[in-house]
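Since the structure comes first, as structure tokens, the remarks are kept for the end.
The values are calculated or read from the model by the stated rules, or taken from the named source; none is laboratory data. Here the structure is a predicted model, which means the values were calculated and not measured. Cβ coordinates were reconstructed from backbone atoms using ideal geometry, including for glycine residues, and neighbour counts include every protein chain displayed.
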Amino acid sequence: MPELFDKHGGFRRLHSFTLATIVQLETLRFCRRFLTFDHRETGTKFYDPKGRQYDQMTQAARSGRQNIIEGSERSSTSKDTEMKLTDVARASLSELRGDYEMFILDRGQLPWSVHSPETRTINAISLDNAPFKDDMVHESAKHALEQRKKYARWLDADDAVVVANAMLIIIGRALNMLKSQIEAQGKAFEETGGFNERLMAKRIESRESQRAAEPSPECPQCNKPMRRRKSAKGEFWGCTAFPECKGTRPT
């Protein structure tokens, strides 16, 4: 019998969460660095945190990370909700990927080909497992920043198109990981059911245990133990050897 509550949390150990953290941090940085406007009077450049593009990109990045967290925390009572929130995370990051793609196209350039040396190099980067001990939040943040260093060559570039291309690849990797997570969540749901199914199974198990502990008479036909049963006419004692033996007694 599966446990009533699934294990939940643990999102900080997921590579998808580490990448989503990097994506949110770097999107904030990208917008501050490159979504700038010329001040008409002074000629200086400034970024507008209330600008539509800035807001949409940063919110999409935030949604990607936050829905991984919420989905993981809700997994104890609802696999369905966990899958839905993980899918929302994917949708948000897909939206953000579209913004980076348009940023590149708007500058008259093309996203890097999947066959380009840059794409292959970034995709070949492997993430370390999170070495958590007793300070999860602190160690999780430290881990994300350490993994970010592996992409620093591109993320710290002065060319905005280089940064945008790197973000496209990193987001793509996170999306693939989230897709695998959803598939694993669906398989777990098929094998163990959701919370409601497990709750019903627990109730039936408890009811059967109570009945098993209840003193029961012997069958008048075969002398085997009897079990309390229900029919349209009410409760009665029925032989546990049914259907071989059809002995009954009134309750």
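So is Ser63 of a type in the set (Ser, Thr, Tyr), surrounded by 16 or more Cβ atoms within 10 Å (Cβ to Cβ) and touching a Lys or Arg at 6+ places or on another chain (Cβ under 8 Å) or not?
On the way: of a type in the set (Ser, Thr, Tyr): yes; surrounded by 16 or more Cβ atoms within 10 Å (Cβ to Cβ): yes; touching a Lys or Arg at 6+ places or on another chain (Cβ under 8 Å): no.
It is false that Ser63 is of a type in the set (Ser, Thr, Tyr), surrounded by 16 or more Cβ atoms within 10 Å (Cβ to Cβ) and touching a Lys or Arg at 6+ places or on another chain (Cβ under 8 Å).
Would you be able to tell me the number of residues in segment 148-166 that are in contact (Cβ under 8 Å) with a residue 60 or more places away in the chain and over 17 Å from Phe17 (Cβ atoms)?
Of the residues in segment 148-166, 5 are in contact (Cβ under 8 Å) with a residue 60 or more places away in the chain and over 17 Å from Phe17 (Cβ atoms).
The conditions are (1) in contact (Cβ under 8 Å) with a residue 12 or more places away in the chain; (2) closer than 18 Å to Phe17 by Cβ, and Leu145 fails exactly one of them. Which is it?
Only one criterion in (1) in contact (Cβ under 8 Å) with a residue 12 or more places away in the chain; (2) closer than 18 Å to Phe17 by Cβ is unmet by Leu145, namely (1).
(1) modelled with pLDDT of 90 or more; (2) touching a strand residue (DSSP E or B) at 6+ places or on another chain (Cβ under 8 Å): which one isn't true of Pro217, the others all being true?
(1)
May I ask you to list the residues in segment 167-187 that are touching a residue at least 24 places away in the same chain (Cβ under 8 Å) and not aliphatic (A, V, I, L, M)?
Gly172, Arg173, Lys179, Gln181, Gln185, Gly186
So that you can scan it fast, the table gives a plain yes or no per residue for (1) under 27 Å from the mean Cα position of the chain (by Cα); (2) modelled with pLDDT under 80:
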| position | (1), (2) |
| --- | --- |
| Val161 | no, no |
| Ala166 | yes, no |
| Lys187 | yes, no |
| Asn196 | yes, yes |
| Phe236 | no, no |
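Quick check on my filter: what residues within segment 9-36 are at pLDDT below 85 and either more than 16 Å from Phe103 (Cα to Cα) or part of a helix (DSSP H, G or I) (or both)?
Gly9, Gly10
So which pairs qualify, if the first residue must be in segment 111-122 and within 13 Å of Val161 (Cβ to Cβ), the second must be among the aliphatic types (A, V, I, L, M), the Cβ gap must be under 6 Å, and the two must be at least 6 apart or on different chains?
Between residues of segment 111-122 that are within 13 Å of Val161 (Cβ to Cβ) and residues that are among the aliphatic types (A, V, I, L, M), the close pairs are Pro111/Ile104; Pro111/Leu168.
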